[in-house]
Every structure is written in C-alpha cells, then in structure tokens.
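Q: Here it is: the structure, laid out below.
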Amino acid sequence: MRLTVNALLLLLLSLTLSLCYLGCGSGGGGGDAPNELAKLDLKVSPRAIDSGDAIRLVIYISNLQEPIWTLKIRFPVGLEFIEHSSFYVVGDNTIAVSPQHYASTETDSFLVFYPTRNIFEPYGKGFLMLRLLGVGNVPDGRIAVDADIYDPVFDPANPLFDAQDSEHIRVGPETPKPSGTSSPSSSSSSSSSSSSSSSSSSSSSSSSSSSSKSSSSSSSSSKSSSSSSSSKSTLRFYK
C-alpha cells in the first residue's frame with residue numbers, strides 16, 4: 001500500500017514538473033522569434049549617386065552567437081564591389097578583409113564573408129565597411145544584409161537570403177515623372193488667370209480713361225480758386 005502511495009506521489013510530481021516546463025516554454029510570446037546568429041544594422045551613404053561614383057556601406061555587427069557564421073550582402077547589378085575596399089573596424093583596430101564569394105545573377109550581386117567571433121574580441125561587436133561603384137542605372141534598388149549559419153558553399157541561384165536590414169538606393173538620374181495633359185484644376189486655374197488678366201486689362205483701360213477725364217476736368221477747373229483746388233487735391237490723396 002505504501003509503495004502504491006509513493007508511486008502515485010512520484011507520478012503527480014512528474015506531471016506537475018512537466019506542466020510547469022510546458023507553461024514556461026510557451027510563455028512570453030518569444031518562442032516564435034527568429035534565432036539570429038548576429039544582429040546587423042546597415043547604413044548606406046550616399047543613397048543616390050551617378051554612374052562612376054561610389055556608395056559606402058557600414059554594417060554594425062553585434063550580439064554574436066556562433067564562433068563562425070556567414071555574412072551575406074545583396075545589391076543590384078548596377079553596382080560593383082571595389083576591390084580592397086572592405087575592412088573590419090573593432091575598437092581602434094582596422095583589419096583588412098576580402099569576400100570569400102562574389103557572385104551575380106541577372107538582377108543581383110552577392111558578397112559573402114565568414115566572420116569569426118574572435119575578430120571582435122574583446123568588445124563582442126564592430127563594423128564591416130566597404131564601397132560599391134555605380135556602373136549602371138538603378139532607378140529604384142535596395143542593398144540588404146543577412147546573417148546565416150556557416151556554409152562554405154554559396155549558390156547565387158539559391159542564396160538562402162532573408163534580409164535582416166536593408167537600405168534604398170538609386171544610381172543615375174532620377175526618373176522623370178510622366179508628362180500628361182494638364183489636370184482640370186490647372187485648366188480651371190489657367191482660365192481664372194486669363195479671366196483675371198482680362199479683368200485687369202479692362203480695369204486698366206477704365207483707369208486710363210478716368211485719368212484722361214480727370215486731366216481734362218483738372219485743366220478745365222484750373223480757372224477756379226486756388227483754395228478749392230488745394231482742397232480737392234488733399235481729398236484725392238487721402239482717398
């Protein structure tokens with residue numbers, strides 16, 4: 001009998017611990033968050049350039065989770081990587097680095113680096129900087145970055161790329177807005193302007209006419225007394 005009670009107690013304890021474990025594991029809503037191997041923040045400057053000019057990328061790297069991982073950069077084919085322009089900045093140290101892969105498809109190019117955690121010691125964070133040259137028009141493009149598990153093989157046709165951060169860029173002249181017929185409001189405005197002009201001309205003619213009449217009246221009234229003339233001039237001034 002005592003054994004049966006002990007067995008029941010053990011079973012109850014086991015069930016209680018299991019329920020606690022499940023409850024803790026599903027609480028807080030954080031179970032569905034992606035497990036990022038590193039936190040990446042991308043800054044691009046300038047965002048709009050002409051062909052033959054360069055864009056500088058600064059990727060802030062922090063929260064490293066693995067001793068080695070894959071850093072991928074995607075950009076439009078209207079840009080090209082400038083050789084020997086990439087380096088890590090950790091504290092006051094600058095470390096030259098080259099991409100292990102540089103591949104392209106018809107629309108996108110990719111740079112792939114394999115950073116190791118010891119590069120960023122003792123700070124645990126740092127920057128990757130590089131430059132891209134504008135070689136063709138890109139009216140509306142994006143540069144993006146992604147952190148993935150270490151994989152020495154990279155296929156641009158299947159890059160396994162999900163952007164963690166991205167920036168909008170443009171290469172070449174800004175695309176002009178299509179010119180069309182003027183909108184009804186502008187037509188109405190134009191017609192109002194014409195009407196206003198006509199009205200103004202008419203008013204000007206009337207004013208000229210009044211002026212000439214006033215002149216003749218003035219000349220005819222020159223024979224009147226000087227005090228009367230002075231009084232009318234004063235009234236005209238204040239009007």
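The values are calculated or read from the model by the stated rules, or taken from the named source; none is laboratory data. All of these numbers come straight from a predicted model, not from anything done at the bench. As a convention, Cβ positions derive from the backbone with ideal geometry for all residues, glycine included, and neighbour counts pool all protein chains shown. Protein only, heavy atoms only, side chains kept; ligands, DNA and RNA dropped before computing areas. Shrake-Rupley method; radii C 1.70, N 1.55, O 1.52, S 1.80 Å.
Q: Suppose we filter the range 106-126 for residues that are open to solvent by 40 Å² or more (accessible area, probe 1.4 Å) and touching a Lys or Arg at 6+ places or on another chain (Cβ under 7 Å); how many remain?
A: The total comes to 1.
Q: Mind checking whether some residue in the range 129-140 is in a strand (DSSP E or B), touching a strand residue (DSSP E or B) at 6+ places or on another chain (Cβ under 9 Å), open to solvent by 60 Å² or more (accessible area, probe 1.4 Å) and within 26 Å of residue 67 (Cβ to Cβ)?
A: For the range 129-140, residues in a strand (DSSP E or B), touching a strand residue (DSSP E or B) at 6+ places or on another chain (Cβ under 9 Å), open to solvent by 60 Å² or more (accessible area, probe 1.4 Å) and within 26 Å of residue 67 (Cβ to Cβ): absent.
Q: Same structure again: Residues 103, 147: which one is surrounded by 12 or more Cβ atoms within 10 Å (Cβ to Cβ), part of a strand (DSSP E or B) and either in contact with a Pro (Cβ under 7 Å, 6 or more places away or on another chain) or of a type in the set (D, E, K, R) (or both)?
A: So the residue among 103, 147 that is surrounded by 12 or more Cβ atoms within 10 Å (Cβ to Cβ), part of a strand (DSSP E or B) and either in contact with a Pro (Cβ under 7 Å, 6 or more places away or on another chain) or of a type in the set (D, E, K, R) (or both) is 103.
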